[in-house]
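Undergrad: Pasting a structure here, questions to come.
The values are calculated or read from the model by the stated rules, or taken from the named source; none is laboratory data. Keep in mind the model is a prediction, meaning the values are calculated, not measured. Here the Cβ is made from the backbone with ideal geometry for all residues, glycine too, and neighbour counts use every protein chain on show. Heavy atoms of the whole protein, side chains included, go into the accessibility calculation; ligands, DNA and RNA do not. Shrake-Rupley method; radii C 1.70, N 1.55, O 1.52, S 1.80 Å.
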Amino acid sequence: QVQLVESGGGLVQAGGSLRLSCAASGSIFSINVMGWYRQAPGKERELVATITSGGSTNYAASVKGRFTISRDNAKGMVYLQLNSLKPEDTGVYYCYSNNYYGAYWGQGTQVSVSS
């Protein structure tokens, strides 16, 4: 089992920055992929970025060049640096991880970007 807890959300003006953190506990050394998804009001949850245990990254086209995902395997942490934020980046950001046994989600942290 893996438990995930996000932190770092908030309200920021367009063009600003935030850094999200996600702390994993439990079987952290079994984790393969970690990442971030988001869900805007009235929309489906969508992938933002993922990172494998080996450091390979994948980004949604809408955030490429603005967001950076990173990971500390030893600490069970994954981070998302959000730069040049836009109002359309507003939503609840969920931490995600998976291992041999399944997928895990955090409770989410709200990111709100004002124009």
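Undergrad: Write out, first by first residue and then by second, each pair whose Cβ atoms fall under 7 Å of each other, whose residues are 6+ apart or on separate chains, and whose first residue, in segment 93-115, is at pLDDT 95 or above while the second is polar (S, T, N, Q) and loosely packed, with under 12 Cβ neighbours inside 10 Å.
TA: S114/Q13
Undergrad: Let me spell it out: the conditions are (1) open to solvent by less than 70 Å² (accessible area, probe 1.4 Å); (2) free of Cβ contacts under 8 Å to residues at least 40 places away in the same chain; (3) not in a loop (DSSP other than H, G, I, E, B), and Q81 meets all of them except one. Which number is the exception?
TA: (2) is the only condition that Q81 fails.
Undergrad: Working only within segment 90-115, note down all residues that are out of contact with any Lys or Arg (no Cβ under 8 Å at 6 or more places or on another chain), open to solvent by less than 50 Å² (accessible area, probe 1.4 Å), not in a loop (DSSP other than H, G, I, E, B) and not small (G, A, S). Spell out how you get there, then give the answer.
TA: Of all residues in segment 90-115, those out of contact with any Lys or Arg (no Cβ under 8 Å at 6 or more places or on another chain) come to 90, 95-110, 112, 114-115.
Next, only the ones that are open to solvent by less than 50 Å² (accessible area, probe 1.4 Å) stay: 90, 95-99, 102, 104, 106, 108-109, 112, 114.
Okay, now just the ones that are also not in a loop (DSSP other than H, G, I, E, B), so 95-99, 102, 104, 109, 112, 114.
C95, Y96, N98, N99, Y104, T109 - these are the residues of segment 90-115 that are out of contact with any Lys or Arg (no Cβ under 8 Å at 6 or more places or on another chain), open to solvent by less than 50 Å² (accessible area, probe 1.4 Å), not in a loop (DSSP other than H, G, I, E, B) and not small (G, A, S).
Undergrad: Here's a follow-up. Tell me which of these N58 doesn't satisfy, since it passes every other one: (1) surrounded by 13 or more Cβ atoms within 10 Å (Cβ to Cβ); (2) within 17 Å of A23 (Cβ to Cβ); (3) among the polar types (S, T, N, Q).
TA: Looking at each condition in turn, N58 falls short on (2).
Undergrad: Restricted to segment 39-51, and to residues that are charged (D, E, K, R) and touching a residue at least 40 places away in the same chain (Cβ under 8 Å), which residue is surrounded by the most Cβ atoms within 10 Å (Cβ to Cβ)? So that I can check it myself, show each step before the final result.
TA: Within segment 39-51, the subset charged (D, E, K, R) is 43-46.
Add one more test, that the residue is touching a residue at least 40 places away in the same chain (Cβ under 8 Å), and what stays is 43, 45.
Values: K43: 9, R45: 15.
So, considering only residues that are charged (D, E, K, R) and touching a residue at least 40 places away in the same chain (Cβ under 8 Å), the one surrounded by the most Cβ atoms within 10 Å (Cβ to Cβ) is R45.
Undergrad: Which of the residues that make up segment 5-58 are outside any loop (DSSP other than H, G, I, E, B), at pLDDT 95 or above and farther than 25 Å from E88 by Cβ? Give the derivation first.
TA: Just the residues of segment 5-58 that are outside any loop (DSSP other than H, G, I, E, B), to begin with: 5-7, 10-13, 18-26, 28-30, 34-39, 46-51, 57-58.
From what is left, the residues that are at pLDDT 95 or above are 5-7, 10-13, 18-24, 34-39, 46-51, 57-58.
Selection gives V5, A23, A24.
Undergrad: Here is a follow-up. Just to verify a result, which residue in segment 14-42, among those that are farther than 20 Å from V113 by Cβ and hydrophobic (A, V, I, L, M, F, W, C), is nearest to the chain's Cα centre (by Cα)?
TA: Going through the qualifying residues, I end up with M34.
Undergrad: Of all residues in segment 1-38 being polar (S, T, N, Q) and closer than 18 Å to N83 by Cα, which is least open to solvent (accessible area, probe 1.4 Å)? Steps first, answer last, please.
TA: First pass over segment 1-38, keeping only residues polar (S, T, N, Q): 1, 3, 7, 13, 17, 21, 25, 27, 30, 32.
Narrowing further to those that are closer than 18 Å to N83 by Cα: 7, 13, 17, 21.
On the way: S7: 60, Q13: 137, S17: 64, S21: 22 Å².
Looking at the filtered set, the residue picked out is S21.
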